[in-house]
Every structure is written in structure tokens, then in C-alpha cells.
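Below: the structure, in C-alpha cells.
Each reported figure results from applying straightforward, stated rules to the coordinates on display, with no laboratory input. Model, not experiment: these values are computed from the prediction. Methodologically, a virtual Cβ is constructed for each residue, glycine included, from the backbone with ideal geometry; neighbour enumeration extends over all protein chains shown.
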């Protein structure tokens, strides 16, 4: 690696579902303590990626951008302004910070916004976002599913969008495969059902799909621990594979398996508590729970399990 290059690294900037923790309006036991204890606060899911050329790339635009940029700077200081923004889909938590890139806050100029064609169309239908495009704040760059994108010739990584089934009231949903010099990371914060997702990618099992993609680190949708977690809402209205189901499909971690790390945790999810029986079950099977500030070095050969 020359003096002008650096390692390609991804920083986990948020692990919570769209509402964060505490979730607005919730004063039950799952959130109450977090109002008084900042150490219990969790932010909507997001990633920060720094390339070998020092370019910087943000995944998702949450309302907690200020905290997340600070987290990113503390754990993997970047030397350049934001080089690009990547959006998986249009649900709140993933996009409600887009306005912060405007003149009222960041005042970005021509920021490349990589998204699906359906999300690009949505941008033009939203008055605020459309104005940001007209004013040259955002520069939408629709991608094609399955086609790798290398933002810059010397960035040292590529990003492949993978379309997966998820509630598409406003736009479709794409996971991202980030392929670095020596390791690959899958970012799959949302999808509906494993059966549908695996059918869409032509695989029978999760392990088969991750192996086909040569994934070393999988950041997977862990919204709910169990199927009866919500008490004030029908859980069928917000389908996500439960962590219990994902672990049942995977079993315990085997030699050669990638790291599987659960993210996008709903405020009700017991995995927020590292001492919970649910969290202990995840760890006992060899899997992991996301921690804000985690850094993944894609320029280093992954350690075997």
C-alpha cells in the first residue's frame, strides 16, 4: 500500500430501526431509561465507508446525521467532504435526513445520490427533495440491480445493489454488497421474509447465498427478536424476519462462515440489552449484535472462525 493510500474501512453508525431508541412516543420499559441515560440511546441504521483514495461514502440519510458524522470521525477519521450518498429504500429513518444536506445545514453541492430508479422518481415528486435537485444540492445517480459500481478508479472497492422484497409503498429496496480489496460486506437492513428473499436471489438457504456472494461480514435485518414482540400493533403490518428465525435457519456458526451481525433493532428488541437471554443466545451460537462505532477493515484478510 503506497503512502497515498489507506485501508478501505466501513464504520457502523447506527443499529436501531427507523424510530431509533428511545422511539418517539414510547415511554414503556424498553425506552424509558434511555430518555435519562444517553448511553442507552441508539440511532437509525447507517454506515460510513472510506475508500483507499480517502473518499467518503454514507449509507442512508437519517435524522441523526450530526451524531453519526461525529461517530464516524471518532472511529475512522476521514480527510475529505462527503463524496457520495447511498440509499437502500424510502422508509423513514433511512431518508428523513435528506433535507439536512440543503442550505439550512450542510449546504452540499452536487452530492452524488446513488439510488434505485424508483427512488429517483420519488425524489422528483417530493417538493423539498425536488427543490434540492434543482438547486444542485443532490445529483441522483440511479443504479441497476446486480451491476457493480466503483465510485472512483482508485477507491479500492465496488458496491453492488441487490434487489430484495420489502414493503414498496414508495420505492423498492436494495441491499448493498461492498467488495473491498480483501473482504466483502453485505448491508441488508430491511427485507420482509427469508423465503421471499432467498427465492428472489435463487438460493435455498441463507448460508448458500452468503457463500455465493463471498460475504465475510453480513449486517442483517434484526428488527424483531420474536414474532410476538409488538403489543400495541399487529406485527404482520411490518414484516421482517425475526432473529429467532434467522438463527434457526443458520444454526451455530461453523468454520468458514462469515460474521453475521444483527442490526436495525426495533426499540422493543431485547438484543439492545447485552445481558438479556436473547443476546446471550445470539453470542452462544457464534453470531453478533451490532455496536455503534464498529469498524470493519475490508483491506485485511478476515480471520477464520
### Task
Would you confirm whether any residue within the range 10-29 is in contact (Cβ under 8 Å) with a residue 12 or more places away in the chain and more than 27 Å from residue 270 (Cα to Cα)?
no
### Task
Spot the failing condition for residue 199; the list is (1) out of contact with any strand residue (DSSP E or B) (no Cβ under 6 Å at 6 or more places or on another chain); (2) under 20 Å from residue 52 (Cα atoms), and only one is missed.
(2)
### Task
Of all residues in the range 291-305, count the ones that are within 23 Å of residue 71 (Cβ to Cβ) and in a loop (DSSP other than H, G, I, E, B).
7
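Which residue is farthest from residue 9 (Cα to Cα), if the candidates are limited to the range 145-167 and must be over 15 Å from the mean Cα position of the chain (by Cα) and in contact (Cβ under 8 Å) with a residue 60 or more places away in the chain? Let's see the steps before the verdict.
To start, the set of residues in the range 145-167 that are over 15 Å from the mean Cα position of the chain (by Cα) comprises 145-158, 165, 167.
With the extra rule that they be in contact (Cβ under 8 Å) with a residue 60 or more places away in the chain, the set shrinks to 151-152, 154-157, 167.
Values: 151: 15, 152: 16, 154: 14, 155: 11, 156: 10, 157: 10, 167: 30 Å.
Residue satisfying both the conditions and the ranking: 167.
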### the range 168-208, residues that are touching a residue at least 12 places away in the same chain (Cβ under 8 Å), within 20 Å of residue 147 (Cα to Cα) and assigned to a helix (DSSP H, G or I)
197, 200, 201
### Task
Provide a single number: the residues in the range 275-290 that are out of contact with any strand residue (DSSP E or B) (no Cβ under 7 Å at 6 or more places or on another chain) and in a loop (DSSP other than H, G, I, E, B).
4
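Just to be sure before I move on: is residue 153 surrounded by fewer than 16 Cβ atoms within 10 Å (Cβ to Cβ) and within 19 Å of residue 61 (Cα to Cα) in the structure I sent? Walk me through it before giving the result.
Details: surrounded by fewer than 16 Cβ atoms within 10 Å (Cβ to Cβ): yes; within 19 Å of residue 61 (Cα to Cα): no.
Judged against the criteria, residue 153 is not a match.
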